[in-house]
Structures are given as C-alpha cells and as structure tokens.
Amino acid sequence: MPIKIALPKGPLLSETARWTSDAGWQLGDYSENARLYLLSSARFASLSGKILQEKDIPIQVAMGNYDLGICGLDWIQELMVKYPASNLVKIKDLCYGGSTLFLAAARTSPLATIEAVRASDGVISIASEYPNLAESLALNGRFKRFNIFPVWGAAEIYPPENADLVLISSDTPDLESASLLPLARVLDSTAYLIASKTSWETRDLSEILKTAYVKPKPSSVSKVTQPSKSQFRQTVQKNEPPSIRLALPDGHQQKHVVNLFIKANIKIKDYPSETGNRRPEIDIPGIDVKVIRPQDMPLQVANGKFDIAVTGQDWVKEHLYQFPSSPVCQLADLKYGRVKIVAAVHHDLPVSNISDLRRFAAAKGERIRVASEYVWIADKYARDNRLGMYRIIPTWGATEAFLPDDADMLIENTETGSTLQRHNLKIIETLFESTACLIANTEALKTSAGKKIETMAAVLRTAVE
C-alpha cells in the first residue's frame with residue numbers, strides 16, 4: 001500500500017529538497033523548477049509525494065489524505081490551536097527553516113507594550129495570516145475587546161491605518177524596515193516532519209522513517225514575552241489622515257497597473273518596488289497608497305480600511321457571495337488581467353460536463369470533493385448544480401495538485417488552460433470571465449472624498465477605452 005507525503009512549496013522547498021535528499025528518499029523531481037506536483041521515490045517503491053502550499057499540509061495530513069508531511073510549526077499550531085484533537089502527530093523537528101511569529105504594532109502607535117494593549121478599552125484590530133493563533137493570543141492575553149482580520153499575506157502593511165496590531169512571521173530587521181514595533185515574541189518555528197495519527201498508529205512507516213526518525217521533541221510554543229526596551233524605541237506622532245485610501249495589488253498585476261496609470265497620466269513612485277516597499281507615492285495630493293493582496297481587498301474595502309482598490313472581479317464576486325449586503329461596488333472595469341473561472345476534473349474521469357459528474361457521483365454513491373481558493377464561488381456552483389452531498393476543500397493556491405487523489409473537481413482561474421492540461425486536467429465548464437476592476441466602499445462615496453473618488457474612477461475609465 002503506498003505511503004503518501006505532502007511536501008511544501010515556497011520558502012521551505014529548497015531546504016526540504018536537501019533534507020529529503022540527505023535522507024536518501026531520492027525524490028528527484030522535487031525542486032524549484034518542478035513542473036508537476038506528483039513525485040515518486042527512486043528508492044522506496046511505496047513512497048509517493050505531492051507538492052502543496054505549506055499552509056495546506058497540516059490540514060491534509062490531519063484529514064488523512066497524506067500519511068506524512070513537512071511544514072512549519074507555525075502552520076501546525078495554527079491548525080491545532082483551534083482543533084487540539086486533530087488527527088496529527090509531530091514526529092521530528094527538522095531544525096531548518098527557522099522563523100518567528102511576532103505580535104507587532106506600528107512605531108507610531110500608542111500601543112507600545114502588551115500592558116498598553118491589555119489596558120485599552122477600545123476595540124483592538126489584529127490583522128494576520130494566522131487568525132486562529134491571533135484569536136488565541138488575544139484571549140489568553142486578556143485583551144478586553146478585539147477583532148481578528150484574516151489576510152492572505154502582507155500583514156505588515158496594515159498598521160497603523162488599517163489595523164492596530166499584526167501577528168506576523170518575520171525577523172527583527174524586517175520589522176524595523178516595515179516601521180513595526182515588536183510587542184511579543186509568540187512562536188519560534190522550524191520545519192517539522194508530521195504524520196496522520198491514524199497512519200502513525202495503524203501503518204508500518206518504519207522503512208521510510210528509519211532514515212529520519214528520532215524521538216519527537218516536545219512542542220515548543222514560546223510564551224508571550226516583552227522585548228527589552230533597549231532593543232526597540234517607540235516614536236509616537238500624530239499623522240493627518242489622507243482624504244482617500246487606495247489599495248493596489250502586489251504580484252504580477254503590478255506591471256498592468258503601472259501601464260494603466262501611465263495612460264491615465266498618473267505617476268506612481270517605487271511601484272513595483274525593488275526593496276519591497278509597500279507604500280508607494282502617487283502624484284495626486286491627499287491619496288495614501290498601500291500594496292496588499294488582491295484577495296484581501298474586497299473585505300478590507302467593505303470594512304472601511306480602504307476607500308478604493310484595484311482587484312479582480314473574481315475576488316469581488318467571491319466576497320459578495322459570502323456577504324451579499326456588503327458595501328462594496330465596482331466603479332470601473334479596467335479590462336486587463338482577463339482570466340476564466342472554470343470547473344475542471346482529471347482527464348481519467350469519464351465525464352465531460354457537470355451533469356455527467358453529478359450522475360457519475362450518484363452512481364458511485366460518493367460525496368463530490370471540490371477544491372478551490374474560491375470557497376464561496378465553489379459552494380454556490382455546487383448548490384446551483386445540485387451536486388448533492390459535496391465537500392468544499394479550501395486551498396491557498398496550487399489547487400491543481402489536489403486532483404485526482406484529494407479532490408474530484410476544482411474551481412480555478414486560468415488564462416489559456418495550459419497549466420491545467422500540463423497536470424492532466426480538463427475543463428468541463430466555464431463559470432464566468434474576470435478582469436481587473438476598481439472597487440469602492442459605498443459609504444466612502446457619500447463622504448467629502450466621494451467626488452474625488454468618482455473623478456479618479458472616470459480618469460481610469462477613460463484610460464482603458
């Protein structure tokens with residue numbers, strides 16, 4: 001019977017590839033340049049691997065879809081702090097991929113210590129990729145009132161205007177460069193080898209693990225500690241809030257935004273930034289710009305953290321399916337970044353459309369598993385097409401890696417379909433097309449800044465015509 005291991009993409013990949021090589025697992029295709037997510041071992045005939053986003057790995061191992069996995073302790077604790085009875089066992093600290101989770105505030109914030117946070121009677125907003133850990137920290141830290149804002153990434157840019165605190169994986173120099181003041185060292189994380197508890201108790205993993213196994217070390221979640229005052233200095237100052245708060249996307253969409261702004265005769269400095277600056281300057285007075293993830297924009301605009309943002313129509317639709325009464329509206333279709341949101345299945349599945357899939361699942365009497373970054377779009381699609389008993393599997397990218405072993409269908413965006421074809425997947429339906437768009441908070445349009453927002457939208461509409 002095969003033994004399946006989930007291996008990380010991203011920052012841990014190169015060191016994990018080196019570790020698996022040293023362990024003699026001979027997963028030759030596991031590298032930064034791997035074009036397929038499925039791996040096989042030249043040494044162990046029973047061992048197969050799958051490359052996944054790191055934060056997906058503890059969930060997939062706990063669900064029993066994989067016998068083993070390698071990921072950071074931070075993502076393990078993010079799962080286990082909410083689900084302490086998870087079907088997951090920590091096998092070994094691999095002693096690489098070190099990182100630290102800090103609770104931090106802006107250097108201009110009056111919340112300069114944990115004591116100040118605890119004493120505050122106001123609502124403390126905390127932005128983080130680790131919402132479960134952030135909530136646990138706030139509860140255990142006896143914060144009087146707080147809100148947790150889950151984000152896809154780039155949490156460091158939110159304070160002080162859009163959040164009071166962040167729980168972030170970083171190091172001291174990076175925090176200082178982001179003008180953040182560390183309040184607490186929450187967790188020291190390294191890469192861990194983990195196992196499904198069921199597999200650990202019922203399967204013979206010794207042939208694989210004897211190359212790597214040592215007695216598991218006890219979990220080392222650091223206590224909340226206050227850094228020394230000699231390490232960090234606080235500078236408190238009051239800034240006049242800008243009249244408009246604009247969010248621009250990070251990643252590959254930046255070049256399209258720059259081209260659009262050039263056509264609109266809008267100059268923006270240090271975007272994209274070679275130094276990682278997420279606060280570019282725009283030559284329109286009274287506009288404050290931040291660079292965040294497009295996935296986060298609709299929720300942040302709805303919450304009033306930004307007045308306007310450039311994101312994708314797919315993420316707007318995902319947000320509005322979850323929050324139908326959200327105060328988010330589209331002001332302009334920017335007509336770039338065109339992608340199709342599609343339903344796809346593995347080529348070996350004998351279906352060509354969603355009706356075939358529904359009949360196929362009914363005949364087998366099995367629940368259809370739908371993997372997607374677009375949880376609410378996927379859920380609506382499954383309900384609208386009467387898929388019966390189905391399960392939505394949230395992912396954080398690399399969704400094509402889930403088929404056919406861990407999901408039956410995916411809902412994904414694609415430009416040409418070539419990536420899906422490369423992974424032996426076929427499209428059975430196109431749900432809709434998505435382009436970039438300018439969105440706004442409807443309440444912001446009613447304020448004194450509303451006219452300026454409408455004017456900017458009109459300028460961008462003209463630029464794309």
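A few comments on the model shown:
- Region 99-188: C-alpha gyration tensor shape, a/c 1.5 cut-off, then a/b vs b/c: rounded
- Across region 150-166, coupling constants 3J(HN,Hα) worked out from phi with the 6.51/-1.76/1.60 Karplus curve, θ = phi - 60°, read x, 10, 7, x, 6, 5, 5, 7, 6, x, x, 6, 10, 6, 7, 9, 10 Hz, and Gly and Pro carry x.
- For region 99-188, relative contact order (Cα pairs under 8 Å, six or more residues apart, normalised by length) works out to 49 percent.
- Between SER14 and GLU201, the C-beta separation translates, for a Förster distance of 35 Å, into a calculated FRET efficiency of about 0.60.
- Relative compactness, region 339-434, computed as alpha-carbon Rg over 2.2 N^0.38 Å: 0.96
- Computed over the chain, the per-residue total of -39500 (n - 2.57) for DSSP H runs of n ≥ 4 gives a 222 nm mean residue ellipticity of -7500 deg cm²/dmol, rounded to 500.
- Peptides 39-51, 97-109, 399-411, 258-270 ordered by average Cβ neighbours within 10 Å, highest first: 399-411, 97-109, 39-51, 258-270
- Sites LYS144 and CYS95 - FRET efficiency at Förster radius 30 Å, r taken between beta-carbons, to 0.05: 0.15
- In summary, the lysines within cross-link reach of LYS267, defined as a Cα separation below 28 angstrom excluding same-chain residues under 8 places away, comprise LYS238, LYS255, LYS290, LYS305, LYS335, LYS446, LYS451, LYS452.
- Length added when fully stretched, ASP405-LYS364, from 0.36 nm per residue minus Cα-Cα: 13.1 nm
- Proportion of all alpha-carbon pairs of the chain beyond 38 Å (%): 30
- Between SER120 and ASN33, residue separation times 0.36 nm minus the direct Cα-Cα distance comes to 26.4 nm.
Read-outs throughout are calculated quantities, based only on the coordinates presented, and are distinct from any laboratory measurement. Note that the structure is predicted; figures quoted are calculated from it, not measured. Cβ sites come from the backbone with ideal geometry, for glycine too, and all protein chains shown count toward neighbours.
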